[in-house]
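As structure tokens, the structure follows; a few thoughts come after it.
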Amino acid sequence: MKKEFKIITQLIENNTRVLDVGCGDGTLMKHLKDNKNIDTRGLEISKNNVQTCIGKGLAVIEGNAEKDLQQFPSLSFNYVVLSQTLQAFYNPEKVINDLLRVANKAIVTIPNFGYWKVRLQLLFKGTMPITKNLPDEWYNTPNIHMCTIKDFFNFCSKKNIKLYKSIALHEQKTSTINKINLNLKNLSSELGIFLIEKQNEN
Amino acid sequence: MNNKENIKKIIVKKPLTLDCGKTINNYPLAYETYGKLNEKKDNAILAFHALSGDQFISGTNPITNKNGWWSHLVGPNKAINTNKFFVICANVIGGCMGSYGPSSIDPTTDKIIGTNFPVITINDMVNAQYNLLEFFKIDKLFSVTGGSMGGMQVLQFVANYPNKTKTAIPIACTASHSAQNIALNELGRQAIMADQNWNKGNYFNTSSSPDKGLAVARMAAHITYLSKKSLEDKFGRKLQERDDLKFSFDADFQIESYLRHQGNAFVDRFDANTYLYITRAMDYFDLIKQYKGNLSNAFKNSKTKFFIISFTSDWLYPTLENKEIVIALNASGADVGFIEITSDKGHDSFLLDIPDFLKSVKNFLEANY
């Protein structure tokens, strides 16, 4: 299982209810279910992936997060996971709001567009970057709202979203992101993993 | 319609109070089984048939000599593997394949019941079939499944008996029969009732039954089971055994000939009054209303694991209506999976050999057994 999923697993407490948005082939769901006694649900856009998940005995619904998150009642989960899909939505802000409506806490991971290799490609080659986490060409990528770790960090403070934990991932190594090292982590990390929570209204 | 004497039946002694207020007892319920019930009795699947179906789900139907209506799905090593699972399927009450229905004989008058038969509902059908669990001494089913009206029975079953099945697979159905579907059913009923032979349902005394009306009802309904694309692909404007139009009202087009054949074949095996009663039961089906506007309440006491399946080209029970069930289940925190199968074949898809569909059912059952 990939490192990203291991970190997500560590962020989730045992015996909780988790919704995995864009659950893919259900690898993370199955792991959470089998190892942490977690009651999981999945939402997945690809029919093939839904088939695979059903074959694993997972409760997965075919659907599109932007339309179908609405069907889940408020606070019906303890955690909602969104792994590397935020950048593919038409309205990422609305999706984040929906995530934080459905669950107390959301774990959002983003491929970091501020990673130095990405920056160098754009700077020196002058073409849209292609990396391990961003493997598609500009004309066939599902990613329409790329952001950097710094962008997401700033977004959360601007929108009054509490950043419970911010983790940078680079070649299997993890480190904590904070205000002081933000610029450095934004340059050196491939992936940002954030555990976020809605700030109390009052 | 011979060999009906050999149909397996239980006589249900326990009184059943129908939704209409009448109580029935000592009524026959015809059924068929496939596979073997294991010692633990944890491998039983109750399958519910649709409007024109019967208990002969797999193998050869002894009455029609045709394949069972779900033989693509049910059988040895099929998606519902009868080497592993014990499949029970009953003819619904109101039906015409041996269960208590309008073509049954009233023992007090020795005459056929006809339209003196009470108007029944999906709820009544399910409650009648629940007696099969007691008959086979099954405490809890492994699954309940069915498509179309069969799917409605699945939903009603879980609502009525929240913890009597481990899993449930409602397919191509709805929680509340739409105005469009009521309209289409009404068209069929009016076709039957417009046939002079129908005679207010008392056609058994005369030698002729309302075959023409029933055939037209079936033709109209059959169109709704297909899709525009499947009609185009299968028939287009192809002519029937002729090179050119005949400038008459014969079946010039293949589609006309096909529909006429469907209509005629149907009357040989189906009773017109049963058609009226069963379509009425479908029209009356409104699980949302039964639970006072909140479908989630229908499932709130259930631990049953659901898997809902719809088909892209089904305009009779469209994905949207199937998704309403998914949404209600999610709202009640139930364990639910959902997939929309890509198919051009319309509502009929649930009866056809569509690999993605068969695989989905198989995977779900195997993963949960």
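A few points about this structure:
- Residues (farther than 30 Å from residue B:311 by Cβ and surrounded by 19 or more Cβ atoms within 10 Å (Cβ to Cβ)) located in segment B:173-208: B:195, B:198, B:201, B:203
- Residue match in segment B:287-306 (condition: under 30 Å from residue B:64 (Cβ atoms) and in contact with a helix residue (DSSP H, G or I) (Cβ under 6 Å, 6 or more places away or on another chain)): no
- Of B:248, B:176, B:230, B:209, all but one fail to be of a type in the set (S, T, N, Q) and touching a strand residue (DSSP E or B) at 6+ places or on another chain (Cβ under 6 Å); the exception is B:176.
- For residue A:42: the one exception among (1) free of Cβ contacts under 8 Å to residues at least 12 places away in the same chain; (2) more than 8 Å from every other protein chain (Cβ to nearest Cβ): (1)
- Those helices (runs of 4 or more DSSP H) of segment A:57-157 in which at least 1 residues are within 22 Å of residue A:169 (Cβ to Cβ), considering only elements entirely within it, cover A:92-102, A:116-120.
- Hits in segment B:313-357 (condition: farther than 23 Å from residue B:176 by Cα, within 11 Å of another protein chain (Cβ to nearest Cβ) and surrounded by fewer than 20 Cβ atoms within 10 Å (Cβ to Cβ)): B:342, B:355, B:356
The rows are residues; the columns are (1) surrounded by fewer than 23 Cβ atoms within 10 Å (Cβ to Cβ); (2) assigned to a loop (DSSP other than H, G, I, E, B).
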residue: B:36; (1), (2): yes, yes
residue: B:50; (1), (2): no, yes
residue: B:71; (1), (2): yes, yes
residue: B:101; (1), (2): no, yes
residue: B:118; (1), (2): yes, yes
residue: B:123; (1), (2): yes, no
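To keep it simple, each residue is scored yes or no on (1) at pLDDT 95 or above; (2) hydrophobic (A, V, I, L, M, F, W, C); (3) surrounded by fewer than 16 Cβ atoms within 10 Å (Cβ to Cβ).
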{"site": "A:142", "(1), (2), (3)": "no, no, yes"}
{"site": "A:148", "(1), (2), (3)": "yes, no, no"}
{"site": "A:167", "(1), (2), (3)": "yes, yes, no"}
{"site": "A:172", "(1), (2), (3)": "no, no, yes"}
{"site": "A:184", "(1), (2), (3)": "yes, yes, yes"}
{"site": "A:189", "(1), (2), (3)": "yes, no, no"}
{"site": "A:192", "(1), (2), (3)": "yes, no, no"}
{"site": "A:196", "(1), (2), (3)": "yes, yes, no"}
{"site": "A:199", "(1), (2), (3)": "no, no, yes"}
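- Evaluation of residue A:28 against the conditions (1) facing chain B (nearest Cβ under 10 Å); (2) touching a strand residue (DSSP E or B) at 6+ places or on another chain (Cβ under 7 Å) shows that the sole unmet condition is (1).
- Filter result (in a helix (DSSP H, G or I) and either crowded, with 17+ Cβ neighbours inside 10 Å or at pLDDT below 95 (or both)) within segment B:125-138: B:125, B:126, B:127, B:128, B:129, B:131, B:132, B:133
- Residue, surrounded by the fewest Cβ atoms within 10 Å (Cβ to Cβ), within segment A:74-90, restricted to residues that are closer than 25 Å to residue A:142 by Cβ and out of contact with any Leu (no Cβ under 8 Å at 6 or more places or on another chain): A:90
The values are calculated or read from the model by the stated rules, or taken from the named source; none is laboratory data. Computed from a predicted structure; not experimentally measured. Every residue, glycine among them, receives a Cβ derived from its backbone with ideal geometry; neighbour counts consider all protein chains shown.
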